[in-house]
Each structure stands twice: as structure tokens, then as C-alpha cells.
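Step one of this worksheet: look at the structure below.
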Amino acid sequence: QVRLVESGGGLVQPGGSLRLSCAASTNIVTFYAMGWYRQGPGKQRELVASITSSGRTNYLDSVKGRFTISRDNAKNTVYLQMNSLKPEDAAVYLCSGTRYGYDYWGQGTQVTVSS
């Protein structure tokens, strides 16, 4: 059973920072790719950032230069560092991974950006 568990969400002021973590129950090098999605109130779910097993990253245009996805293979954990947060970044953030052609999802962690 492959499980993904997110943590690190919370309340932050505009301009602040948060780091989200996604801990996997198995070696993350076995995932073809892992990524972070988000879904804000009344909005469509969107892919925020992704990273492949080879380390290639991609980002939603609106977060480029502010967010960074990374991983620690020894800890089986993927991170999303979020800086210069804006109110429009508020959403439930979900970790996802693709492994042997199957998609896995975490439960989500809430990010609130408010003064």
C-alpha cells in the first residue's frame, strides 16, 4: 500500500512563506514523477509544481520564481517551498505521485493566506 501524507499547511500573512512536505511510504525514486496540486474555493484544481525521478521540475506560471519543489530521497519526502505568498495562493494543496502507471494522492493540507 502506497501512502502519501502532506503536512506543513497553515495560516500565513501575504508575503510570508510556508514549506509543505509530502512523506511517502515507499522509496520515492520508484515514482516517475511527483507533484503538488491545489484547489482554491470556487476554482479548478491545478498542477502547481512537479518533479520527475531524474530531477526535472516544472511550475505553474503564476508561481514561477516564488515556489520551489524539491525532494529528499533518503527521507522519501517531497517539499514545496512557497515564498511571497499571495491571497490567491490560498487553497487545499495535495501531493500526488505516479508510480508504475498508477496515480497516488495524499489527503491534502490547507494553506490560508490572510492578513
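The values are calculated or read from the model by the stated rules, or taken from the named source; none is laboratory data. Everything quoted here is computed from the prediction, not taken from an experiment. Ideal geometry is used to build each Cβ from the backbone, glycine not excepted, and the neighbour counts take in all protein chains shown. Please note that ligands, DNA and RNA were not included when accessible areas were found on the heavy atoms of the full protein model with its side chains. Shrake-Rupley method; radii C 1.70, N 1.55, O 1.52, S 1.80 Å.
In straight-distance terms, cross-link reach from Lys86 covers every one of the lysines whose alpha-carbon lies under 27 Å from its own, apart from those fewer than eight places away in the same chain; here that gives Lys43, Lys64.
Computed over the Cα atoms of the chain, the ratio of the radius of gyration to the Kirkwood radius (Rg/Rh) comes to 0.95.
Sorted into 10 angstrom bins from 0, the C-alpha pair distances of region 1-56 split as 18, 45, 31, 7 percent. Values of log10 I(q)/I(0) for region 49-115 across q = 0.24 Å⁻¹ run -1.27, by the Debye formula with one identical scatterer at each alpha carbon and no solvent.
Based on the Cβ-Cβ distance from Asn58 to Ser25, what FRET efficiency comes out when R0 is 22 Å, to the nearest 0.05? Each step should come with its number before you reach the end.
Details: r = 25 Å, r/R0 = 1.12.
Working from the Cβ atoms, E equals 0.35.
What does the charge count around Ala49 come to, taking other residues whose C-beta lies under 15 Å from its C-beta (Lys +1, Arg +1, Asp -1, Glu -1)?
Values: positive: Arg19, Arg38, Arg45, Arg56, Lys64, Arg66, Arg71; negative: Glu6, Glu46, Asp61, Asp89.
Here the charged neighbours net out to +3.
Hey, with R₀ at 35 Å, roughly what FRET efficiency would Ser70 and Asp103 work out to, going by the Cβ-Cβ distance, to 0.05? My answer for the efficiency is 0.95.
The residues neighbouring Gly16, those whose beta-carbon lies less than 13 Å from its own, together hold a net charge of +2 under the Lys/Arg +1, Asp/Glu -1 convention.
By accessible area, using a 1.4 Å probe on protein heavy atoms only, the chain has 45% of its surface on carbon and sulfur.
Net length available on complete extension from Leu47 to Gln81 is 10.7 nm, with 0.36 nm assigned per residue and the Cα-Cα distance removed.
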